[in-house]
Every structure is written in structure tokens, then in C-alpha cells.
Amino acid sequence: QEEANLAARTRDDLRCPVVVIMGHVDTGKTKLLDKIRKTNVQEGEAGGITQQIGATYFEKSTLLTQTAKLNETEKFELTLPGMLVIDTPGHESFTNLRSRGSSLCDVAILVVDLMHGLEQQTIESLHMLRKRGTPFVIALNKVDRCYNWVTCKDSPIRDALKVQSDGTLQEFRSRASDAKVQLQEQGVNSNIYWEMGDDDWTNSDFVPIVPTSAITGEGVQDILLLLCQISERKLWRQLMWCANLQCTVLEVKAIDGLGMTVDCLVVNGYLREGDKAVFCTLDGPIVAEIRGLLTPPPSREMRIKSEYIHHKEIKGALGVKVIGNGLEKVMAGTPVMVVGPDDEVEDIKAEVMSDLTRLQKKLSTD
Ligand code: GDP
């Protein structure tokens, strides 16, 4: 009860959960992200979905519209201010982010190909998530490839399963059950999410499975709503907004006219123009003044190539492109810290490096 009261009081202060999509190559991570962005959104009217640096931001109202059909029965009251989904699933160069991504996100979607079952990178991701204690859901993707699948575009998955023939259902059930056995072999208890008992939901090690199609959209509403539910019910403490800067480098890249830029994810706190920030490079920590904080323009129509909006201040959770001098060797996946008025630069440098060492230790034992 006390928990519930506290939760009610702090509801207004929740930040967006950061979601990452992981899994083996070709399981459909990129398509799923695409589909999540477009479900129930008319072509060209992607209202409430903003492309950010390294992430896509979904407003609360968008989450509500995108899950409206399913929520007619679920009746879930959404209090999250929105959701931030990291955009890196397609980058195979992001092998590191697969592991680092799992430590910077609040909740993950692990995509498994229904036709192939568990594959190498899926198993790796599984163990990383487990080790970090990051909650995740399994998207058992490509259900539309079951023989004779009848498409129910973008509908809740249970509605779609209702209209399938016995043969199709049988194939689906048998493949889903194979996946469950394979998960069990990895020490992971799981079940199709609506078949989970109350005990399973309270067991934090139990993993819900959501059958999806990233092409025809069945189950995408389910994934979104489930992520919202898990975030609010299990992660609200962690999602209470906090002014301490928590910032991670997603990518370092050269941009015409801007030089080397560092794409960062600010999860908590603020980054401000003029801040003295400490970044990690292979040669050790460096201090650089933040000369610019850029985000893409808010709507697609306005998008002109290489045009950005400049900000004086960024509040997490948000993706932002940072400009500064000497950022060439900054490493992706490393933390960023700001030197405050009362801080000693050397202390902050040491702190950043110890953070990094901890991260590397974790990675080397994965
Ligand atoms: P990624 O490597 O995990 O990002 O996988 P992609 O999103 O690039 O998808 C790999 C291939 O699988 C592409 O040819 C997709 O069109 C296909 N694919 C992805 N999701 C689905 C799905 O739900 N159903 C079907 N039939 N094909 C899919």
C-alpha cells in the first residue's frame, strides 16, 4: 500500500523509459522498429512520433492511439510521459552497443524469429540482459510466415489468432512451444504473455512472449502496451526523473560542416551549452566544452538535410548531437559527465574512467 501511495505521488515525475531492441541478425529488429513507428499512423502524419538523435520518441498520446484497440479490453491507465526507443538495431557495427545498449536501457525487446528459434546473438543478448537485471519481453516475430496465415493488419495478436485455421494455429503453437523449450534450456522461464499466471507476473525472472509480425503488424499493439505496463508497474522507481546527469555516447561521427560530433543519450539530468564535459577515449579521459547541442527539427516536413535545431539546454530522456573540439577519439557506449562548479576536473575524470572500467569488466565477463 505504501508503495502504491508513493507511486501515485511520484507519477508526475516519471521520465520516459528507454527501450532497446535486440536479437540475432535478420530476426526483424529493423522492421519491427519501423512498424512500431507506423502502426495506426496515417502515411505522412506521424504525429507524436519524433525522430531524435539515435532514438525515436513516442508521445504519451501516440502510445495511447497506437494501443487503443487492445486497450479496449486491457483498460490500462497510462501515466508515462512517453517512450524512447533506441534506433540502432540495424547497425551491425554496433556489436558493442548490443552489450552496452543492454546496460543503458530500462527495458528491452528481444526479437526471436518464430521460424528459426533461438540463435547465437539472441542467446548472447539473453544472457547480457539477465546479467544486468534488465527486464525484457520476447517478440516472437514473423508469425505471418505460419502456413496459410490470414493477415489482420496491425491488430492485437489474440484477435488475429482467433481467425486462423486449425492448421495454422497448430503450426504456431508447436513453433512457440519449441521456442519456449529452447528458452528453458537457457535457464529462462517464459510463456505467451496472456497465458501467464499471477505468480509468473510477480516473478521478475519470468519472461513474457508476444507473437508479432513486423510486416503485417499483428501483435505490435501488444508489445507497446506490455512495455508500458512493465515500465509503470515494475520500473517506476528507476523511472523517477532525477537531476543527476546520466548520459551515454551512442555514436561518434563526422558531419559535413560540423566536424566530429558525438551522439548522446541523455537519460537523466541536463546537458547545457558551455558545460565542461568529460568524455572517454582510447587514450584516456578528455575534457571538452560543449559548443552545441543539436536535435533534428520536430516534424518531418521541416526536415532539410543536415539542418538541426540548436538548444541551450537538453533535459533527459532525450537523444542529442553534441559538438565540441577534440571529440575524434570518443568511444561509443561510454559515459559522459559534466564538471560542476564545485567539482575538481581530475575527480570527474577519475569517476568517468572508473565507470568505464566497470563497464569493460562487465563486458569481458559476458
Ligand atoms: P534485422 O537484421 O533483425 O534488423 O532484420 P530486418 O528487420 O532487416 O529483417 C530481416 C528480413 O526479415 C527482411 O527481409 C524482412 O523483410 C524480414 N522480416 C522481418 N520481420 C518479418 C515478419 O514479421 N514477417 C516476415 N514475413 N518477414 C519479416
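Coordinate-derived values only; no laboratory data. Because the structure is a prediction, the values reported are computed rather than measured. Cβ placement follows ideal geometry from the backbone for every residue including glycine, while neighbour counts extend to all protein chains displayed.
For residue 253, give me every one of the lysines with a C-alpha distance below 18 angstrom, ignoring sequence neighbours fewer than eight places off in its own chain.
Cross-link targets: 305, 321, 329.
Determine which lysines satisfy two conditions relative to residue 29: a Cα distance under 16 Å, and not lying fewer than 8 residues away in the same chain.
Residue 29 reaches 38, 142.
Could you tell me the largest-minus-smallest coordinate of the C-alpha atoms of region 184-334 on each of the three principal axes, in descending order and whole angstroms?
Extents along the principal axes, in whole Å: 54, 38, 30.
Evaluate region 206-294: find the radius of gyration of its Cα atoms, find its Kirkwood radius, and give the ratio Rg to Rh.
Rg divided by Rh gives 1.12.
Between residue 68 and residue 120, what is 0.36 nm times their sequence separation minus the Cα-Cα distance? Round to one decimal in nm.
15.2 nm
For residue 347 and residue 291, what does the FRET efficiency come to when R0 = 30 Å and r is the distance between their Cβ atoms, rounded to the nearest 0.05?
0.80
Just need log10 I(q)/I(0) for region 119-196 at q = 0.17, 0.21, 0.27 Å⁻¹, Debye formula, equal scatterers on the alpha-carbon atoms, no solvent, rounded to two decimals.
-0.76, -1.03, -1.36
Which far-off residues, 5 or more places away or on another chain, put their amide H under 5 Å from the one on residue 14, with H placed in the peptide plane?
241
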